[in-house]
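Quick notes on the structure that follows.
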Amino acid sequence: MTVAFKERQGQQMALTVGIVVLIVVLSLLPMARLLQEVVLPGGRFSLDIIRSGLVDNTTWVATWNTVYVGLGGTLLALVLGVAVALLVSLSDVRQRQAFVLCFVTPLMIAPQVTALAWLQVFGPSSPMLDLLGMAPPLGTPNPLYSPEGIVLLLGIQYAPLVFLIVRAGLRKLPRELVEAAQSSGASWFRVLRTVILPLMTPSIVGAAALTFVSCVGNFGIPAFLGIPANYLVLPTLIYQRLAGGGPAVLSEVAFLSVLIGIIAMVGILLQDRIAKRRDFRITSTSLPAAPYRLGRWRIPVEIGMWLLIAFILVLPLIGLILTSLVRGYGVTLSADTATLENYRFVILEHAAAKRAFVNSLYLSATAAIFAVFVAIPLAYAIAWGKHRWVKALNLAIELPYALPGVVLAIASLLLFLKPMPITGIHIYNTVWIILYAYLARFLVLAVRPTITGYFQLDRALEEAAQVAGAGLFTRMRTIIFPLIAPAAIAGGLLIFMTALSELTVSALLWSSGSETIGVIIFSFEQGGDSKYAAAVSAIMVATTFLLMLLASLFANRLPDGVLPWRD
Amino acid sequence: MAGLSIHNVTKSFGGTNALDDVSIDVADGEFLAVLGPSGCGKTTLLRLIAGFEEVTGGRVSIGGSVVSSTELNVPPERRRVGIVFQNYALWPHMSVAENIGYALKVARVGRAEREARVKGALALVNMEQYADRRPANLSGGQRQRVALARCLVAEPSLVLFDEPLANLDVHLRASMEDEFADFHKRTGTTILYITHDQAEAMALADRIAVMDHGRLMQLATPRELYHEPANEMVASFISQGMVLPADVLTDEKKGECKVKVLGQELVVRCRKGETPRRNARICCRASQIEAVTGKGEGFAGTITRAVYRGGAARVEFEPDGAPNTGLHFDQLDPVTFEAGGRARLRLTSGWLIPAAGVA
């Protein structure tokens, strides 16, 4: 008996050790390496790097710009997201499901694709304005090449994020609280102002913090809209420095990425402070409140909502598709001049583009599959583990994703610039360093839904297997895996979609031969080949739609809220 | 011998004791119910025996070998204990037969033997025709039978029932009770049955362990619990017994002694060796109260409530001298008592609750 006993203990031990190693390699090690570079360069304590970073004027300009577009984008996203969440959750507008799907879709599309699509709508070369005869003369600057343009796109990109969080909060609002206020004589607007919005404070503040972090860390939008106007934020400043100076400037950009990390952290801490100031806990659960009847305002409100969709989704996508069909810069698009040549070129002819499709496919599929298999035991330890270090564990997995992508990218560069100790394997300038960064950054996207899945699963199912004599690994294989797999796979799919046209990380880590789709779109656009960039982007948008459809097919087997676009 | 021995077991969660120095011995083949209000520690006790929790102090032995102590904790999968869960815990992704055969598969029992034993277990619970169904397509009672078959198939030395009837409706409960009793008679398995339902515990168990606030209050047969509660908690918990202050007047003689309660002198049953004392407590039942006509021996008071329940009324009464002592009894038809009315009652018998610490 003692041998078998030890063997079972061994399985528990193996799981624990495996998880700790994973966390160290994917989260703690890169973060520690980054901090070391800034504070302990070469192993000696020194503040030189911080000092030289602080006296550099461009640092301050970029920091100010980052905060400016971060706050602006957050504000716009908040206004849009909260308003839509209130309308969808509390009023009697129709076609909710379809509307939510359309409203959330921008979140699924990569920021640089959004940016590219919007650029095609305005500006002198816009085929759409050209068709309407409204195009400004060639040579005039695109109005989106400005801080305000960046704020607008950041707001549209992340309004769905705010919407999802606030909507989740509103779903938990018990109708008694609303009805109690109404029966005290309060009008609907008063109820909204005095009961609903105050109770939603944690959701709204939480959404604001998350949006702020996302805006500050966004690379795609300021890269497409800011670089041409020479308006730099920290992520684009890092990109430019690194593109110009190579590994020599690594410590300098390490400081900048720590700076972004600090700005993001301030946002998160501020949220924590506000959320703890008052008691917002909702104790009871019950049915949602009866929807507010809009009456004669219903039709105008519905029209307004769909106009919003037309503006944020349909218009840019049409712009994108039209651009992907033009023959060349300035050529007026018509039924005669439209061509599929651009698609043929990027799929069949352009060597780097062809490589990029293969690379991105492999990278995101590998990251997704790895994450699914790791997320199941990892979330098991987090959701059902008894140990106290589990909370810290969760935090450590969240960190690489919570911090802006450039932070992890720079950390990975520092970590793998030299060959790895002992093995001597050198993954710098290969596709493997991108894979490492993807694994570290996106793992949490699979872990989160899996944890939700565990919480919705009756623990007795595992205990029943345990008393039946099944050891940990047997239980994992025969009971836990089949039951939790749908949630983990949905998470894997989110990773696949996110990683497929990811740019922030790969823009800093790519090398010739390891291009990703995001990088290819970016370099086409930078080289003035908008039509090719648009063609690749259009393919990516279509792929995204297909994947969303695919995931929706098995939606009824998933825990609630795993697929963000399902209402 | 495959009994269960719980020896001075203590379990604390962050400073508070969920179980406090509990000792219970379950004989081989015995059906023992653990009864108590929610939060009394009965579920913790079950999880300790199954091995899901570790003891803070004391030890648990199954079949004579220690499975839980402060030094050792045999993992649940090595204890050969069966559990019937409150919510059945059937694996939704397996058929009924796969659910039942799981333990055998884990133990690498050959296919032919496995199928035979699954068939046997299904027959034992009259579910042969459902072997290929999914749990989702079964009714509550059927699910509970499958859960029973699943825990039997591995021939455990001990079966733990965790409130197995709590999720079933009243009619089904009665018939499942019969099935459990029948099952125990046929297999002779040692059973520990957790419940908060006294009627269920009384109907099924050889002995009942009453628990409260993590402590064992009394371990006795159903009859003894009812007639001779060891303390006030058991007295008032079992069948809503009434606990009344009394003074013991005489020494025990042939299991009886004389007490003075509510001004009335009364002969009650008691333990051996009771001697006169003040501030004692007696337990009496609704059936031991009757109305007195005229000025006979007894005590006067006010009827506070009378609720007609068909055939009889439940009458609540407050004696004059002791305003916080509520009594209740049943008056058969024709019901004459009404709230606010005056009445004179007397006790016919009772049980002298032993002094604290003489458990």
### Options B:Leu168, B:Leu172: the member that is in a helix (DSSP H, G or I), surrounded by 15 or more Cβ atoms within 10 Å (Cβ to Cβ) and assigned by TED's automatic domain parsing to the domain that holds B:Ser95
B:Leu172
### Query
Out of (1) touching a residue at least 12 places away in the same chain (Cβ under 8 Å); (2) within 30 Å of A:Arg296 (Cα to Cα); (3) surrounded by fewer than 18 Cβ atoms within 10 Å (Cβ to Cβ), what's the single condition that is false for A:Pro124?
(2)
### Task
For region B:310-355, enumerate the residues that are within 30 Å of B:Lys254 (Cβ to Cβ) and surrounded by 18 or more Cβ atoms within 10 Å (Cβ to Cβ).
B:Pro319, B:Leu327, B:Phe329, B:Leu345, B:Leu347, B:Gly350, B:Trp351, B:Leu352, B:Ile353, B:Pro354
### Message
Among (1) at pLDDT below 85; (2) surrounded by 11 or more Cβ atoms within 10 Å (Cβ to Cβ); (3) more than 13 Å from A:Leu508 (Cβ to Cβ); (4) in contact with an Asp or Glu (Cβ under 9 Å, 6 or more places away or on another chain), there is one condition A:Ser284 misses while meeting the rest; what is its number?
### Response
(2)
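Could you say which residue among A:Leu242, A:Leu192, A:Leu237, A:Leu154 is modelled with pLDDT of 90 or more, over 19 Å from the mean Cα position of the chain (by Cα) and assigned to a helix (DSSP H, G or I)? Walk me through how you get there before you give the answer.
Working: A:Leu242 fails: modelled with pLDDT of 90 or more; A:Leu192 fails: modelled with pLDDT of 90 or more; A:Leu154 fails: over 19 Å from the mean Cα position of the chain (by Cα).
Unique residue meeting the criteria: A:Leu237.
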## Note on the structure
Given the conditions (1) at pLDDT below 90; (2) crowded, with 20+ Cβ neighbours inside 10 Å; (3) within 14 Å of chain A (Cβ to nearest Cβ); (4) in a helix (DSSP H, G or I), every one holds for B:Val146 apart from (1)
### Message
Taking the condition of being assigned to a helix (DSSP H, G or I) and hydrophobic (A, V, I, L, M, F, W, C), how many residues in region A:133-151 meet it?
### Response
2
### Task
Could you pull out the residue among B:Glu115, B:Glu98, B:Glu128 that is within 13 Å of another protein chain (Cβ to nearest Cβ) and among the acidic types (Asp, Glu)?
B:Glu98
### Summary
Condition set of a type in the set (Asp, Glu) and either surrounded by fewer than 21 Cβ atoms within 10 Å (Cβ to Cβ) or closer than 15 Å to B:Ala322 by Cα (or both), scope region B:269-309, selection farthest from the chain's Cα centre (by Cα): answer is B:Glu297
### Task
Among residues belonging to region B:131-143 that are assigned to a helix (DSSP H, G or I) and either surrounded by 14 or more Cβ atoms within 10 Å (Cβ to Cβ) or in contact with a Cys (Cβ under 7 Å, 6 or more places away or on another chain) (or both), point out the one that is nearest to the other protein chains (Cβ to nearest Cβ).
B:Pro135
### Task
Just need a number here: residues in region B:26-52 that are surrounded by 21 or more Cβ atoms within 10 Å (Cβ to Cβ), within 14 Å of chain A (Cβ to nearest Cβ) and assigned to a loop (DSSP other than H, G, I, E, B).
1
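This table checks each residue for (1) part of a strand (DSSP E or B); (2) crowded, with 23+ Cβ neighbours inside 10 Å.
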| position | (1), (2) |
| --- | --- |
| B:Ala201 | no, yes |
| B:Met211 | yes, yes |
| B:Leu219 | yes, no |
| B:Glu224 | no, no |
| B:Ala230 | no, no |
| B:Leu244 | yes, no |
| B:Cys257 | yes, no |
| B:Val267 | yes, no |
### Query
If you go through region B:74-92 one residue at a time, how many are crowded, with 17+ Cβ neighbours inside 10 Å and either more than 8 Å from chain A (Cβ to nearest Cβ) or in a loop (DSSP other than H, G, I, E, B) (or both)?
12
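With the condition being small (Gly, Ala, Ser), I'd like the strands (runs of 3 or more DSSP E) fully within region B:270-359 carrying at least 2 qualifying residues.
Numbers: elements: B:280-284, B:289-291, B:299-308, B:312-319, B:327-332, B:342-347, B:351-353.
Per the criteria, B:299-308, B:312-319.
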#### Entry: Lone qualifier among A:Ile495, A:Ile484, A:Ile410, A:Ile433 - being in contact (Cβ under 8 Å) with a residue 24 or more places away in the chain, crowded, with 22+ Cβ neighbours inside 10 Å, within 14 Å of chain B (Cβ to nearest Cβ) and among the hydrophobic types (A, V, I, L, M, F, W, C)
A:Ile484
### Message
Tell me the residue from B:Ala89, B:Ala149, B:Ala136 that is within 18 Å of B:Thr190 (Cα to Cα) and in contact (Cβ under 8 Å) with a residue 12 or more places away in the chain, please.
### Response
B:Ala149
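Considering A:Ala83, A:Ala115, A:Ala98, which residue is in a helix (DSSP H, G or I), among the small types (Gly, Ala, Ser) and crowded, with 19+ Cβ neighbours inside 10 Å? Working first, answer last.
Values: A:Ala83 fails: crowded, with 19+ Cβ neighbours inside 10 Å; A:Ala98 fails: crowded, with 19+ Cβ neighbours inside 10 Å.
Residue meeting the stated conditions: A:Ala115.
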### Task
Return a yes/no flag: does region A:450-459 have any residue that is on the phi < 0 side of the Ramachandran plot, within 12 Å of another protein chain (Cβ to nearest Cβ), touching a residue at least 12 places away in the same chain (Cβ under 8 Å) and in contact with a helix residue (DSSP H, G or I) (Cβ under 8 Å, 6 or more places away or on another chain).
yes
### Task
Those residues that are farther than 24 Å from A:Thr140 by Cβ and not β-branched (Val, Ile, Thr), I need them from region A:221-247; list them, please.
A:Leu234, A:Pro235, A:Leu237, A:Tyr239, A:Gln240, A:Arg241, A:Leu242, A:Ala243, A:Gly244, A:Gly245, A:Gly246, A:Pro247
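Could you please find all residues in region B:53-73 being of a type in the set (A, V, I, L, M) and within 13 Å of chain A (Cβ to nearest Cβ)? Walk me through how you get there before you give the answer.
So in region B:53-73, the residues of a type in the set (A, V, I, L, M) come out as B:55, B:60, B:62, B:66-67, B:72.
Scanning region B:53-73 gives B:Ile62, B:Val66, B:Val67, B:Leu72.
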### Task
Answer with yes or no whether A:Ile382 is assigned to a helix (DSSP H, G or I) and among the aliphatic types (A, V, I, L, M).
yes
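The values are calculated or read from the model by the stated rules, or taken from the named source; none is laboratory data. Remember, predicted model here, so these are calculated numbers, not experimental data. Counting neighbours? That spans all protein chains shown, and the Cβs are built from the backbone with ideal geometry, glycine included.
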